[in-house]
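Take a look at the structure below.
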Amino acid sequence: MGAISKKLAARFRKAKKQRGDLRRQAAADFATVPTDVNSVESLVRSGHDPLHAAYVAAQNFTSFFAEAVSPFAEFDPYCRIVGRAQEEYMPGGPPMSPLTTSYFTTWAFFDVRFGPDRETIGTCLLDVADLLGMDPFVAETIRQLQGSRMGIYEHLGTDGGRCRLRELVTDEEFRCHVPAGYRGTPGELWYIRLCPPLLGLVDYHIGFTTPYVLLGFGKADWLAYLNKSLLGAGDTRAALHQFLKFGKGPNAWNEFIFLAYHHHQHEAIFLTGLPDVKGSLPHA
């Protein structure tokens, strides 16, 4: 538990009403999320995706939590980082901004590190989960969101209606449901956040953000960029996770999306350029 989580826990121990409000909000957000196989099958038959429902519920609850704690003085560093990013990038999706709400909020809650122990809103929430009496399924869903990150993947085609994606550098393959509706074509490169199955209820990942389709530069170009960024790393997989989740600075990937925007359609946003080649970015 970091320094900020410790202060937060001390506050919550004295704030019975606030703890109760957070418990009720969690129960409300997860009220329709299935946690057993029969409920999952029923939801699938009705045309809804249970994995997506669980992660959306976790995102909504984390948003409620962030609003509840952001007025506390210890969260001032967090508010400064995210507030400036909101002013700079005006997230909400095209045509106003290429930064979608799903992308920006997952970045703000789970990737923005602040304070002396480099905590996030997600780690703070998990640190006080027991104090809030959080249901284990809710805590596990938030834990998986906290562990997730954006990644760059090669589209390999479809399998049973699911997209098959292979991550650059690690070559790890994923079978994914993409709620945004974009199916893509083999060979495309996607920049997207994948979240894993929960409690063995399904056998696929969820593409939680709208796909960013990377144009103009191919797999070899992006591999060269990523490998150059990981030079000297003893553990390539861990270094890739750090680089893609946190970047060289809190707004590094926000800036890339903003400068690389090319065009969009309802189900996807198209970017072009490489982060380290300024002349390749349309809005640099």
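Determine one quarter of the surface area of the Cα convex hull of the stretch 152-276, which equals its mean projected area, and express it in nm² to one decimal.
Values: hull surface 32.3 nm².
In nm², the orientation-averaged hull projection of the stretch 152-276 is 8.1.
Got a sec? Charge dipole of the stretch 65-201, +1 on Cβ for Lys and Arg, -1 for Asp and Glu; which of Thr106, Cys163, Thr123 is way out at the positive end?
Sorting the options by dipole projection puts first Cys163.
Taking a ≥ b ≥ c as the square roots of the eigenvalues of the Cα gyration tensor of the stretch 3-147, is the shape rounded (a/c under 1.5), prolate (a/b larger than b/c) or oblate? Mind dumping the intermediate values first?
Numbers: a/c = 2.25, a/b = 1.18, b/c = 1.91.
Oblate, since a/c reaches 1.5 and b/c is not below a/b.
Which value, in debye to the nearest 20, describes the size of the charge dipole of the stretch 152-276 about its Cα centre when Lys and Arg Cβ atoms bear +1, Asp and Glu Cβ atoms bear -1, and nothing else is charged? If you can, show how the numbers build up before the last one.
Details: 11 positive and 13 negative charges, 26 e Å.
Value, rounded to 20: 120 debye.
With the dipole of the chain worked out from charges on the C-beta (+1 for Lys and Arg, -1 for Asp and Glu) around the Cα centre, which of Ala53, Leu230, Leu22 lies farthest toward the positive end?
Leu22
Quick one: if the Förster radius is 45 Å, what FRET efficiency do Ala220 and Ser70 give, using the C-beta to C-beta distance and rounding to 0.05?
Details: r = 43 Å, r/R0 = 0.96.
Plugging the Cβ-Cβ distance into 1/(1 + (r/R0)^6) gives 0.55.
Work out the FRET efficiency for Ala233 and Asp21 from their Cβ-Cβ distance, taking R0 = 45 Å, and round it to the nearest 0.05. List each step's numbers first, then the result.
On the way: r = 43 Å, r/R0 = 0.96.
With a Förster radius of 45 Å, E is 0.55.
Please sort 229-242, 52-65, 211-224 by packing, taking for each peptide the average over its residues of neighbouring beta carbons within 10 angstrom, highest first. If you can, show how the numbers build up before the last one.
Details: 229-242: 12.9, 52-65: 21.2, 211-224: 17.2.
With the highest mean Cβ count within 10 Å placed first, the list reads 52-65, 211-224, 229-242.
Just how large is the dipole of the stretch 218-284 about the Cα centre, in debye to the nearest 20, putting +1 at every Lys and Arg Cβ and -1 at every Asp and Glu Cβ?
Details: 6 positive and 5 negative charges, 31 e Å.
Rounded to the nearest 20 debye, it is 160 debye.
What's the ranking of 22-28, 157-163 by average number of surrounding C-beta atoms within 10 Å, highest first? Don't jump to the answer; show the numbers that get you there.
Numbers: 22-28: 16.4, 157-163: 13.9.
Ranked from most to least packed, the peptides come out as 22-28, 157-163.
Which order results if Val277, Val138 are arranged by neighbouring Cβ count within 10 Å, fewest first? Please list the in-between numbers first.
Values: Val277 12, Val138 23.
By the 10 Å Cβ count, ascending: Val277, Val138.
Can you give the Rg and Dmax of the chain based on its C-alpha atoms, in angstrom?
According to the Cα coordinates of the chain, Rg and Dmax are 19.1, 56 Å.
Which residues in the stretch 67-94 place their backbone N less than 13 Å from a point set 7 Å from the Cα of Arg11 along the Cα-to-Cβ direction?
Once the point is set 7 Å along Cα→Cβ of Arg11, 67-79 turn out to lie under 13 Å by backbone N, inside the stretch 67-94.
If I model a spin label at Met1 and Lys248 as a point 7 Å from the Cα along the Cα→Cβ vector, what separation in nanometres do I get?
About 3.8 nm separates the two model spin labels.
Could the peptides 116-123, 101-108 be put in order, highest first, of the mean number of other beta-carbon atoms found within 10 Å of their residues?
Working: 116-123: 18.5, 101-108: 21.5.
Result, highest mean first: 101-108, 116-123.
Using a simple charge model, +1 on the beta-carbon of Lys and Arg, -1 on the beta-carbon of Asp and Glu, nothing else, what dipole does the chain show about its Cα centre, in debye to the nearest 20?
Values: 29 positive and 30 negative charges, 157 e Å.
Charge dipole, the chain, about its Cα centre: 760 debye, nearest 20.
Exceeding 29 Å between C-alpha atoms, which entries from my cross-link table qualify? They are Lys17/Lys248; Lys16/Lys245; Lys245/Lys278; Lys219/Lys278.
Details: Lys17/Lys248 40 Å; Lys16/Lys245 35 Å; Lys245/Lys278 21 Å; Lys219/Lys278 19 Å.
Over 29 Å apart, Cα to Cα: Lys17/Lys248; Lys16/Lys245.
Laboratory data are not the source of any read-out in this text; all were calculated from the coordinates shown. On a predicted model such as this, the values are computed, not experimentally measured, just so you know. Cβ sites come from the backbone with ideal geometry, for glycine too, and all protein chains shown count toward neighbours.
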